[in-house]
Amino acid sequence: MSRLPNSLEARDIAYHLHSYTDARKHEETGPLVIERGEGVHVYDNNGKRYIEGMAGLWSVALGFGEKRLAEAAARQMEKLPYYHTFAHKSHGPSVELAEKLVAMAPVPMSKAYFTNSGSEANDTAIKMIWYRANAMGEPQRKKIISRVKGYHGVTLASASLTGLPNNHRSFDLPLAGILHTTCPHYRTMKKEGESEAEFAKRCARDLEALIVEEGPETIAAFFAEPVMGAGGVIVPPEGYWEAIQPVLKKYGILFVADEVICGFGRTGELFGSTTYHLEPDIMTLSKQLSSSYLPISALLVNEKVYAPLADESHTIGTWGHGFTGSGHPVAAAVALENLKIMEERDVLGHVREIAPRFLARLQALGGHALAIEARGIGLIGAVEFTHPSLADTPGALGGRIYQAMQDRGLILRNLGDTLAFCPPLVISEKEIDEMFDIAEAALCDVA
Ligand code: PLP
C-alpha cells in the first residue's frame, strides 16, 4: 500500500469510514483501491488485475465496463435526469420497468414498487405488511419471522430480519416482534442420525412450533432468501421448501421471497423462486436488476397485498411512504437496458451451460485437506474451511485464505471460514478455470 501522504490510500485512512470493516485495523492496512473494471476483471491503482469472483457484492451480472449501460444512463441523464414518483407523478422508465418486472414475475404479481437498496426494499415490505394488517382490521398481526443466518440488509428493520450476530450486537437489535427460526444448513444443524429429508421436515416443524408458541394470529409474514447468501451460501436441503410453504399457507402468513441475490439468473433460473417453486406474496429485488451500475431495488406485490394497501391509502388519503429516489429515471433506464442485454445475449442460457463446470470446480476445491464442505447451485457457491490449530478463532483461516487469494489476483468474500464464489453471470469457462486455478494455488500458500 502506498504510504505517500497525499496518496488515495492515506486520504482514505484519514477521511473514509468503511462498511463491514474493522476501522482500527483499516488505519493500519488501508484500502485496496480499485480503479477500473473490464468484463470479470477489476484493476487496482497499481495496474494489478484481479478476477472479481464475487461480482462486486453478488451483483455485477454483466461484468464491468458494459458500455451500453453507460450509454443508457447518459441518454436518460440528458433527457430527464431526475423526477420522482410521489403524488401521482410518473415517467417513462419507471412505468416501463414496473411493467417489465410484473411480466417477468414467476407468480402473478399486481404492482412493482421502487426503492434504492435491498435493505430499503425489505424495510418497505415490512411497512406494507403492517399497513395491510391495520387495513384488514388485524392490528395484532405484526410479528415477522425470518431465519438464523438469513441476510436481509442493515436498516433497522432489515437488520433485525438478518439473522447474523454482527448485525445485532452493539446495535440493540433485533427490534421486538422480529423472530428467527432454524437455519436450513444440514451439515451444521442436523441431529444425530437425521437424514436430509428428515431435517427439512424438522425445519418446517420448528417454524410451526414458533408460530403456535407466539400465537398464529400475531404472525404476519415470513421472509427468506431462496438460497441464503451472506449467511454462508446455504443451499436448502432437499424437500425444504416443499415442507415450509404449506405451514405458511396453513396459518395465512404472507411469504416474502428476498430475491436480492438470487434474482435475475443466479440460480440458473430467472428467480430463485422459480428454481424452488416458491409462491411468494412479495418479492424483493435489487443487485442484478441493474448489475448494480446504479442503485435501484424493487418490490413486486400480489393482489392480496396490493388491494388492502390501496384501500387503506384511500381511507387515509395517502400511502405515506416513498423515497426521493424511488423509481429514479436514470437507474430505471439502466435496469431496463441491463434486462434487455440479458435477454439478447441469453445470459440465462449461458449460466445453465457453464454452471456444471463452476460446480465441478467448486466441489474439487471442496476436496482440499483444509475444506469441510462445498455447496452451490447455478453460479453461486461456497467452500467452508477449517484447521484444528485455528478452529478456536472463527474466521482466522478464512481471512488468511481470502488474503492469499487476493494476493494472487482473485477477489472473493470470506464469510467467517467460508469463501463465497458468485462471479459475474457472463464469466466464460476459461475464466472459471482461471478463478479456481488461482484459488487452488492460494490454498497451497496457506496450507
Ligand atoms: N437481501 C439480500 C439477500 C442481500 O444479499 C442483501 C445485500 O447483500 C440485502 C438484502 C441488502 O441489500 P443492500 O445492501 O442493497 O441494502
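Observations, loosely collected:
- Length gained when the stretch Glu429-Glu78 is fully extended (0.36 nm per residue, less Cα-Cα span): 122.5 nm
- Net charge of the neighbourhood of Arg141, taken over other residues with C-beta under 12 Å away and scored Lys/Arg +1, Asp/Glu -1, is 0.
- Reference-scaled alpha-carbon Rg (2.2 N^0.38 Å with N residues) for the range 197-327: 1.17
- Karplus-derived HN-Hα couplings along the range 279-288 (A = 6.51, B = -1.76, C = 1.60, θ = phi - 60°), whole Hz, x at Gly and Pro: 10, x, 8, 9, 10, 9, 10, 6, 6, 5
- Within the shell of other residues whose beta carbon sits under 14 angstrom from the beta carbon of Arg352, the net charge comes to -1, with Lys and Arg scored +1 and Asp and Glu -1.
- If a spin label sat at a point 7 angstrom from the Cα of Val107 along the line to its beta carbon, the backbone N atoms of the range 201-231 nearer than 14 Å would be those of 221-226.
- Gyration tensor verdict on the range 255-301 (Cα atoms; rounded if a/c is under 1.5, prolate if a/b is larger than b/c, oblate otherwise): oblate
- Note on Glu344 and Ala197: their simple-model spin labels are 4.8 nm apart, each label 7 Å out from Cα toward Cβ.
- Positive-end extreme of charge dipole, the chain - chosen from Pro106, Thr274, Ser297 (charges on Cβ): Ser297
- For Trp319, Trp241, Trp130, Trp58, order by how many other beta-carbon atoms lie within 10 Å, fewest first: Trp319, Trp130, Trp241, Trp58
- Mean sequence separation of contacting Cα pairs (under 8 Å, at least six apart), scaled by the length of the range 70-344, corresponds to a relative contact order of 28 percent.
- On the basis of the beta-carbon distance and an R0 of 25 Å, Glu238 and Ala360 show a calculated FRET efficiency of 0.80.
- The antiparallel fraction among DSSP beta bridges confined to the chain stands at about 65%.
- Using the Karplus relation 6.51 cos²θ - 1.76 cosθ + 1.60 with θ = phi - 60°, the per-residue 3J(HN,Hα) values for the range 30-35 come to x, x, 8, 8, 8, 9 Hz, with x marking Gly and Pro.
- Test item: Cα-centred dipole of the range 70-344, Lys/Arg +1 and Asp/Glu -1 on Cβ, debye: 360
- Electrostatic tally near Phe255: other residues with Cβ closer than 9 Å to its Cβ, Lys and Arg +1, Asp and Glu -1, net -1.
- The simple spin-label model puts a point 7 Å past each Cα toward its Cβ; for His88 and Ile316 those points are separated by 2.0 nm.
- Within straight-line cross-link reach of Lys143, lysines at Cα separation under 26 Å, skipping those fewer than 8 residues along the same chain: Lys111, Lys127, Lys201, Lys249, Lys250, Lys304
- Under the criterion of Cα pairs below 8 Å and six or more residues apart, the relative contact order for the range 59-216 equals 12 percent.
- Average 1/r across all pairs of distinct alpha carbons in the chain, invert it, and you get the Kirkwood radius: 22.9 Å.
- Order of Cys183, Cys262, Cys444 - criterion: other Cβ atoms within 10 Å of each residue's Cβ, fewest first: Cys444, Cys183, Cys262
- Extension reserve of the Lys100-Met136 stretch, reckoned as 0.36 nm per residue once the Cα distance is removed: 10.0 nm
- Sorting Asp311, Asp44, Asp392 by the number of Cβ atoms found within 10 Å of their own Cβ, with the fewest placed first, yields Asp392, Asp311, Asp44.
- Within the range 1-80, trypsin sites (Lys or Arg not before Pro) in DSSP loop having at most 14 other beta-carbon neighbours inside 10 Å: Arg3, Lys48
- Amide H contacts of Ser146 (H built 1.01 Å from N, in plane; Pro and chain starts excluded): Leu179, His180, Thr181, Phe223 sit under 5 Å, all sequence-distant by 5 or more or on other chains.
Coordinate-derived values only; no laboratory data. Predicted, not measured: the structure shown is a model, and the values here were computed from it. With ideal geometry, Cβ positions are generated from the backbone for all residues, glycine too; neighbour counts draw on all protein chains shown.
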